[in-house]
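Undergrad: Quick one: the structure is below, questions incoming.
Throughout, read-outs are computed from the coordinates displayed, never taken from laboratory work. Since the structure is predicted, the reported quantities are computational estimates derived from the model, not experimental observations. Cβ placement follows ideal geometry from the backbone for every residue including glycine, while neighbour counts extend to all protein chains displayed.
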Amino acid sequence: MTETPLPSLVTNPAGDAAFRAAAEAALETAQSIDEFEKTLRSRYPRAVVRARALSGERTVVWYVYREGHWVTGETHEE
């Protein structure tokens, strides 16, 4: 049986190391994108996760937005 690789994460804001660490930790136990988002929202209530869907792409990439949408390089929680 081949193990499915974990999705690559693109977090926003990119400079928020605590948010990135929380996302990476949540990814280790999540069984789905919905479960992953729900876990993140326990700490970051506005977090939104979107799967990137590019034709022919083999790598799974999830965009993870701390504020529910793209923001500039802020590092603090609002």
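Undergrad: Mind checking which residues of region 34-60 are exposed (fewer than 15 other Cβ atoms within 10 Å of the Cβ), among the hydrophobic types (A, V, I, L, M, F, W, C) and not in a loop (DSSP other than H, G, I, E, B)?
TA: Scanning region 34-60 gives a single hit, A51.
Undergrad: Enumerate the pairs (first residue in region 34-61 and within 16 Å of N12 (Cβ to Cβ); second residue anywhere and of a type in the set (S, T, Y)) with beta-carbon separation below 6 Å, excluding pairs fewer than 6 apart on the same chain, so at least 6 apart or on different chains.
TA: Close Cβ pairs satisfying both conditions: V48/Y65; R50/Y63; V61/S8.
Undergrad: Tally time: how many residues in region 7-24 are surrounded by 13 or more Cβ atoms within 10 Å (Cβ to Cβ) and over 16 Å from E67 (Cα atoms)?
TA: Adding up the residues that qualify gives 2.
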